[in-house]
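Taking it in order: structure first as structure tokens, then the write-up.
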Amino acid sequence: MPTIRALSALEILDSRGRPTVKAYCELEGGARATASVPSGASTGRAEAYELRDNDPARYGGLGCRRAVANVKTEIAEALTGRTFTDQRELDAALAALDGTANKSRLGANALLAVSIAFARAHAAELELPLYRHFADLVGRPLRTLPRLTINLFSGGKHAGGQVAIQDVLIVPVAARTVDEGLAAAYAVYQAAVGLSAERYHARALTADEGGLAPPFEGVEAMLETAVAAIERGGLAPGRDIALAVDVASSHFYRAGRYELDGAELSAEQMIARIAQWVARYPIISVEDGLAEDDWAHWPTLRDALTEDALTLGDDLLCTNPERIERAVAARAADALLLKVNQIGTLSEAARSYALARDAGWRVTVSARSGETEDHWLADLAVGWGGDQIKVGSITRSERLAKYNRLLEIEHETGLPVTTWPND
Ligand code: 2PG
Ligand code: MG
């Protein structure tokens, strides 16, 4: 059983140059590990609290020195020398020490960094690869690798709002390996670079998650260009490569209306618009089609999509067990976007995962727009058996760290990518 010998932390920078937290954990047996946590831009209001310094003179208030200090003092003092039978006990101790519902006292960034660094150190002590340790934590055999969902075009908060919706992703549905999926994505990405130049005179400059961001006239142009890129890449839309969208609609929802492509849509009109996209384009997953507070209309959205595409909740659910329970009861969604830092510890995220699975939902394990070179997310997606993984584009090293880790895991395990929808 792991006993903590030392805990520490350091303020490092994420992929947008903003501070975040890296934790260090050492166990009595000598195993050591680190973990760095990501941070979102299009955040849900129910997310766990990221503790920032709020000192405008330093990083515009975004510094993480207080969160780092909390790890080095209060958390280290409380946990050093203690033995934990498992991850759940450690995470319960972290949550109890914080004492707030949203982890606002010590900071979810401080707690999650410790939670994952401990998991990694424990895996090292057991001499297990991290993905296997994660699988053991949830009592699940390793069977498949997640299907890739790769950011092609960005908009919304990740690209200066040139178009309202946040991501158009490509999904290599025919690929049986991560390797094949990435090669197919490369062909489509290169074609998209060419189309962006020809149609929009846009250079291949990339948004927060590495997606291209030409000045599309609207969402239809974004989707149509994605389909054209698939074809130009020599692949069949729908059969080889499908599309997924993150509408991220909380961010253009004002006073009960969706401000999209120059119009103000009611929830019913917004649902009809999304259904039209799904009918016209090979879209198999719709994330945050409605706003996080628009609970009343989510069941109608799910009914409208159910035959063709997943109704995936991100801001709606915030990986929060209470919100997932509510959504299951209301039939508001049928898939969870799982982001561990939205809830703040591994064990609580595992509970969210289990709730979604018990309801028969699909799960997409997701990175954040502000990422680091750490790649624990790839191990988590494999270990927990995520149906899909969302880590951004195939450019930018903080994204590639995860894809390259998936390639390593594939090489090591020989596991197949999950087939869809009949796995
Ligand atoms: C999302 C994520 C990742 P952010 O909305 O799904 O794309 O963005 O990390 O900014 O919340
Ligand atoms: Mg989202």
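The values are calculated or read from the model by the stated rules, or taken from the named source; none is laboratory data. Bear in mind the structure is a predicted one, so any value in this text is a computation, not a measurement. Note: ideal-geometry Cβ built from the backbone for every residue, glycine included; neighbour counts use all protein chains shown.
List the number of the failed condition for ARG399; all other conditions in (1) within 16 Å of ligand 1 (Cβ to nearest atom); (2) outside any helix (DSSP H, G or I) hold.
Checking ARG399 against (1) within 16 Å of ligand 1 (Cβ to nearest atom); (2) outside any helix (DSSP H, G or I), the one that fails is (2).
So, in the range 244-277, exactly how many residues are closer than 12 Å to ALA291 by Cα and assigned to a helix (DSSP H, G or I)? Spell out the reasoning first.
Step one: filter the range 244-277 for residues closer than 12 Å to ALA291 by Cα, giving 246-259, 266-267, 270-271.
Within this subset, residues satisfying the condition of being assigned to a helix (DSSP H, G or I) are 249-252, 267, 270-271.
Of the residues in that region, 7 qualify.
Checking the condition in the same structural domain as GLY155 (by TED's automatic domain parsing), charged (D, E, K, R), within 29 Å of GLY17 (Cα to Cα) and away from ligand 1 (no atom under 16 Å from the Cβ), which residue from ARG239, ARG203, ARG254, ARG280 passes? Please lay out each step first, then the result.
Values: ARG239 fails: within 29 Å of GLY17 (Cα to Cα); ARG254 fails: within 29 Å of GLY17 (Cα to Cα); ARG280 fails: within 29 Å of GLY17 (Cα to Cα).
When all the criteria are applied, what remains is ARG203.
Taking the stated definitions as given, is ARG254 closer than 26 Å to ALA159 by Cα, surrounded by fewer than 20 Cβ atoms within 10 Å (Cβ to Cβ) and in contact with a strand residue (DSSP E or B) (Cβ under 9 Å, 6 or more places away or on another chain)?
Values: closer than 26 Å to ALA159 by Cα: yes; surrounded by fewer than 20 Cβ atoms within 10 Å (Cβ to Cβ): yes; in contact with a strand residue (DSSP E or B) (Cβ under 9 Å, 6 or more places away or on another chain): yes.
Here the answer is yes, as ARG254 does meet what is asked.
Just a yes or no: is a residue in the range 231-243 within 16 Å of ligand 2 (Cβ to nearest atom) and either in a strand (DSSP E or B) or without any contact (Cβ under 8 Å) to a residue 40 or more places away in the chain (or both)? Working first, answer last.
Here is the first cut: in the range 231-243, the ones within 16 Å of ligand 2 (Cβ to nearest atom) are 243.
Filter once more, keeping what is either in a strand (DSSP E or B) or without any contact (Cβ under 8 Å) to a residue 40 or more places away in the chain (or both): 243.
Scanning the range 231-243 turns up at least one residue that is within 16 Å of ligand 2 (Cβ to nearest atom) and either in a strand (DSSP E or B) or without any contact (Cβ under 8 Å) to a residue 40 or more places away in the chain (or both).
Working carefully through the options THR306, THR319, find the one that is away from ligand 1 (no atom under 16 Å from the Cβ) and in the same structural domain as GLY161 (by TED's automatic domain parsing). Give the derivation first.
Numbers: THR319 fails: away from ligand 1 (no atom under 16 Å from the Cβ).
After ruling out the rest, the residue left standing is THR306.
Can you tell me how many residues within the range 364-391 are over 11 Å from the mean Cα position of the chain (by Cα), closer than 22 Å to LEU152 by Cβ and either in a strand (DSSP E or B) or acidic (Asp, Glu) (or both)?
1
Looking at GLY160 and the list (1) over 21 Å from the mean Cα position of the chain (by Cα); (2) not in a helix (DSSP H, G or I), which single condition is not satisfied?
(1)
Just give me the residues in the range 22-59 being under 26 Å from SER397 (Cβ atoms) and touching a Gly at 6+ places or on another chain (Cβ under 8 Å), in sequence order.
PRO38, SER39, GLY40, ALA41, SER42, GLU47, GLU50, ARG52
Scan the strands (runs of 3 or more DSSP E) fully inside the range 1-112 and keep the ones with 1 or more residues being over 27 Å from ASP288 (Cα atoms) and of a type in the set (S, T, N, Q). First the steps, then the outcome.
Working: elements: 4-13, 19-27, 32-36.
Those strands (runs of 3 or more DSSP E) span 4-13, 32-36.
When you scan the range 371-390, do you find a residue that is crowded, with 24+ Cβ neighbours inside 10 Å, of a type in the set (Asp, Glu), within 15 Å of ligand 2 (Cβ to nearest atom) and over 16 Å from LEU112 (Cβ atoms), even just one?
No, there is no match, as no residue in the range 371-390 is crowded, with 24+ Cβ neighbours inside 10 Å, of a type in the set (Asp, Glu), within 15 Å of ligand 2 (Cβ to nearest atom) and over 16 Å from LEU112 (Cβ atoms).
I want to confirm something. Restricting to the range 164-214 and keeping residues that are in a helix (DSSP H, G or I) and hydroxyl-bearing (Ser, Thr, Tyr), which single residue is nearest to ligand 2 (Cβ to nearest atom)?
Filtering the range 164-214 down to residues in a helix (DSSP H, G or I) leaves 178-200.
The next check asks that each one be hydroxyl-bearing (Ser, Thr, Tyr); those that pass are 186, 189, 196, 200.
Numbers: TYR186: 24, TYR189: 20, SER196: 23, TYR200: 24 Å.
Residue satisfying both the conditions and the ranking: TYR189.
Of everything in the range 147-176, what is of a type in the set (Gly, Ala, Ser) and touching a residue at least 12 places away in the same chain (Cβ under 8 Å)? Give them in sequence order. Quick ask: steps written out before the conclusion?
Of the residues in the range 147-176, the ones of a type in the set (Gly, Ala, Ser) are 154-156, 159-161, 164, 174-175.
Within the range 147-176, SER154, GLY155, GLY156, ALA159, GLY160, ALA164, ALA174, ALA175 meet the criteria.
Mind listing whichever residues of the range 90-128 are more than 23 Å from the chain's Cα centre (by Cα) and at positive phi?
GLY99, GLU127
Anything in the range 271-304 that is farther than 21 Å from VAL328 by Cα and within 16 Å of ligand 2 (Cβ to nearest atom)? List them, or say none.
Step one: of the range 271-304, the residues farther than 21 Å from VAL328 by Cα are 272-283.
ILE274, ILE283 - these are the residues of the range 271-304 that are farther than 21 Å from VAL328 by Cα and within 16 Å of ligand 2 (Cβ to nearest atom).
Among the residues of the range 123-145, are any surrounded by 23 or more Cβ atoms within 10 Å (Cβ to Cβ) and under 29 Å from SER249 (Cα atoms)?
Within the range 123-145, not a single residue is surrounded by 23 or more Cβ atoms within 10 Å (Cβ to Cβ) and under 29 Å from SER249 (Cα atoms).
State the number of residues belonging to the range 31-53 that are within 14 Å of ligand 2 (Cβ to nearest atom) and under 17 Å from VAL71 (Cα atoms).
1
So SER249 ticks every box in (1) in contact with a helix residue (DSSP H, G or I) (Cβ under 6 Å, 6 or more places away or on another chain); (2) within 16 Å of ligand 2 (Cβ to nearest atom) but one. Which box is left unticked?
That leaves (1) as the condition not met.
Does THR418 satisfy being in contact with a Lys or Arg (Cβ under 9 Å, 6 or more places away or on another chain), more than 26 Å from PRO282 (Cα to Cα) and among the polar types (S, T, N, Q)?
Numbers: in contact with a Lys or Arg (Cβ under 9 Å, 6 or more places away or on another chain): yes; more than 26 Å from PRO282 (Cα to Cα): no; among the polar types (S, T, N, Q): yes.
Against the criterion (in contact with a Lys or Arg (Cβ under 9 Å, 6 or more places away or on another chain), more than 26 Å from PRO282 (Cα to Cα) and among the polar types (S, T, N, Q)), THR418 does not qualify.
Pairs please, first residue from the range 125-138 and part of a helix (DSSP H, G or I), second anywhere and small (Gly, Ala, Ser), Cβ atoms under 6 Å, 6+ apart in sequence or on different chains.
Cβ pairs passing all conditions: GLU125/GLY29; GLU125/ALA31; LEU130/ALA123; TYR131/GLY383; HIS133/ALA123; PHE134/GLY383; ALA135/GLY383.
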